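Reviewing the structure listed below.
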Amino acid sequence: MTSAAPEISSPVGVIAGGGAMPFAVAESLAARGIAPVLFPLRGACDPERVEKFRHRWISVGQLGRAMRLFREEGCRDLIFIGTLMRPSLSEVRFDLKTLQLLGHVVRAFRGGDDHLLSGVGRMLEQDGFRMVGIKDVAPDLLMPEGCITRAWPADNARSDIERGRAVLAALSPFDIGQAVVVIDGHVVAVEDIEGTDGLLQRVARLRGEGRIRAARGRGVLVKAPKSGQDLRFDLPTIGPRTVEGVASAGLSGIAVIAGNTIAAEPQAMIELADANYLFVIGLQA
């Protein structure tokens, strides 16, 4: 589910985790005449890149302070974007507002990342804010349908793509991960807490150890959101780093769901994929 293309109010609060995507979203908003205000998460967001934008630092577990800052900046609409290492409850220092909502917080932590983000989003919405998604605020950052590289998937790769989509659909109820590697019909690895980069490093290691015997240039990384996932939160993301990992793992390309996958630094990603004879394709949802 996602919001039905709401009219976005300016400014938009960008709750920013790690990586490049919070800044890409802020730049996309600014290009459309919508003022972004970044709320970078301590310990996750890049402090040097934040300085380019209006910003107010926040911390995990400080819901009361965060809500006060959102209101001070006039941000009714909020978006979560970027990577975040999930802390344990024992590591989080709660403020009074968070303690008042502790039962909801504990329930949110008892599940995968989608469950956690959706739970925190509901708490914010109950306090008068509106959670929006990439489709609402920066649709230009989403993967288009079709192949965006010179290379195209061969028949064996297309079969691996279909197997990968089926595996991810079957795993969706368990809120485990959003990526799988399939080589010649064999499910080689599934994404877990280490993320897509770790998944591809694992495949490269298995190939180096001789545990994967298929020739280089076969197999596909398939990424897709979970069935029933709230598409405002935690969409799959690909970018140049993903392409580097796929090349190191000896795969033939990347397949993702068009319109439901974020494409970070798309031009650099395409150039790197072409240089490595890899395909990147957006599949029909």
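Summary of values
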{"item": "Residue ID - modelled with the lowest pLDDT, chosen from residues in segment 17-37 that are out of contact with any Ser or Thr (no Cβ under 6 Å at 6 or more places or on another chain) and more than 13 Å from VAL137 (Cβ to Cβ)", "result": "ALA20"}
{"item": "Members of segment 240-278 found to be in a helix (DSSP H, G or I) and either on the phi > 0 side of the Ramachandran plot or of a type in the set (Asp, Glu) (or both), listed by number", "result": "GLU244, GLU271, ASP274"}
{"item": "Answer from GLY43, GLY61 - the residue that is surrounded by fewer than 17 Cβ atoms within 10 Å (Cβ to Cβ) and either outside any helix (DSSP H, G or I) or in contact with a strand residue (DSSP E or B) (Cβ under 7 Å, 6 or more places away or on another chain) (or both)", "result": "GLY43"}
{"item": "Test for GLY121: is it surrounded by 20 or more Cβ atoms within 10 Å (Cβ to Cβ) and under 19 Å from PRO11 (Cα atoms)", "result": "yes"}
{"item": "Options ALA154, ALA138, ALA170: the member that is small (Gly, Ala, Ser), at pLDDT 75 or above and more than 29 Å from ILE270 (Cα to Cα)", "result": "ALA170"}
{"item": "Single residue of segment 246-285 satisfying the filter (of a type in the set (A, V, I, L, M, F, W, C) and without any contact (Cβ under 8 Å) to a residue 60 or more places away in the chain) that is farthest from GLU191 (Cα to Cα)", "result": "ALA275"}
{"item": "Tally of residues being part of a loop (DSSP other than H, G, I, E, B) and under 16 Å from THR261 (Cβ atoms) across segment 165-194", "result": "3"}
{"item": "Test: residue in segment 215-230 that is outside any loop (DSSP other than H, G, I, E, B), modelled with pLDDT of 95 or more, farther than 30 Å from SER118 by Cβ and out of contact with any Cys (no Cβ under 6 Å at 6 or more places or on another chain)", "result": "no"}
{"item": "Which numbered condition ALA204 misses (of (1) in contact (Cβ under 8 Å) with a residue 40 or more places away in the chain; (2) among the hydrophobic types (A, V, I, L, M, F, W, C); (3) buried (at least 22 other Cβ atoms within 10 Å of the Cβ))", "result": "(3)"}
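The values are calculated or read from the model by the stated rules, or taken from the named source; none is laboratory data. For clarity, every value in this text was computed on a predicted model and none was experimentally measured. When we count neighbours, we look across all protein chains shown, and the Cβ atoms used for this are built from the backbone with ideal geometry, even at glycine.
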